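Below is one structure; the comments refer to it alone.
The values are calculated or read from the model by the stated rules, or taken from the named source; none is laboratory data. Owing to the predicted nature of the structure, the values given are computational and were not obtained by experimental measurement. Note: ideal-geometry Cβ built from the backbone for every residue, glycine included; neighbour counts use all protein chains shown. Side chains included, ligands, DNA and RNA excluded: accessible areas come from the protein's heavy atoms. Shrake-Rupley method; radii C 1.70, N 1.55, O 1.52, S 1.80 Å.
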Amino acid sequence: MPPSIALEALNPDHTLELYRLTEANREHLREWLPWLDSIRSSQDTRAFIDATMAESAAHGAPHFAIRCDGRLCGVAGFHALDTQNRTGSLGYWLDRQHSGRGIITAAVAELVQLGFGECRLNRIEIRCAVGNTRSRAIPERLGLTLEGVLRQCEWLYSHYVDHAVYAMLADDPQRHLIDSFRRTTCLPRS
Ligand SMILES: CC(C)(COP(=O)(O)OP(=O)(O)OC[C@H]1O[C@@H](n2cnc3c(N)ncnc32)[C@H](O)[C@@H]1OP(=O)(O)O)[C@@H](O)C(=O)NCCC(=O)NCCS
């Protein structure tokens, strides 16, 4: 049976669960995400949640906890929305034990719909390190267009990485692909 996936707007009630999940995945996430050294206690996770909630209140840039069969298993959301230009950039990560089941693909499909719908965006971007094959598979599966490579645009602990930039526009014909990957329940935002 396919897993039941739900998105919950990140809020302070997620703090402990999210901190524990981060701890359990520290080495796995460190390969591609630059912020692991800034999360050393549950207070750091709480500060991250507070920042995402403030951003959401200011610009409507929601960040979600992902639950699979009731268990917190990852995070996905808009880093920030540029309301002037109606663009947004998506980020995500998943517990290693939950990988390979299409959970992030479904969560990102839901967020793309939310971005073009409720958030009224015209352009949604996903940037992935060029060597991050599993991450790049998400925008590729969902039909975003590879627009180019930003050279050495991120410092990852000890070295620079290049980013592949993918984007979809509100009137892109490939947008119809998104619907076939949506299978999350989007819970009311708190
Ligand atoms: C990037 C990351 C989120 C991808 O996780 P993932 O498990 O590969 O992604 P999904 O949950 O969408 O699962 C996709 C896999 O499930 C399979 N799958 C099964 N059912 C599926 C379905 N209904 N729909 C889509 N894919 C499905 C796909 O074939 C794919 O497996 P494969 O890679 O072996 O072919 C994860 O590797 C991660 O957290 N990495 C570290 C952090 C990171 O890099 N974040 C991104 C920074 S840009």
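Side notes on the structure shown:
- List Cys153, Cys68, ordered by accessible area with a 1.4 Å probe, largest first: Cys153, Cys68
- Shape analysis of the chain based on the Cα gyration tensor places the equivalent ellipsoid semi-axes at 23, 20, 17 Å, largest first.
- Around Ala107: net Lys/Arg minus Asp/Glu count, Cβ-Cβ under 12 Å: +2
- With all protein chains in place and a 1.4 Å probe, the accessible surface of the chain carries 50 percent carbon and sulfur.
- Using a simple spin-label model with pseudo-atoms 7 Å out from Cα toward Cβ, Arg96 and Arg182 lie 3.4 nm apart.
- DSSP bridge orientation in the chain - percent antiparallel, rounded to nearest 5: 80
- Computed over the chain, the per-residue total of -39500 (n - 2.57) for DSSP H runs of n ≥ 4 gives a 222 nm mean residue ellipticity of -9500 deg cm²/dmol, rounded to 500.
- Furthest towards positive pole of dipole, Ser38, Val108, Ile49, structure part the range 1-155, Cβ charges: Val108
- Heavy-atom surface of the chain, accessible at 1.4 Å and reported per residue (Å²): 51
- DSSP H segments from the chain that extend 15 Å or more along their own axis, Cα-based, with Kyte-Doolittle mean of 1.0 or above: 103-116
- Net charge of neighbours whose Cβ lies under 13 Å from the Cβ of Tyr160, counting Lys and Arg as +1 and Asp and Glu as -1: -1
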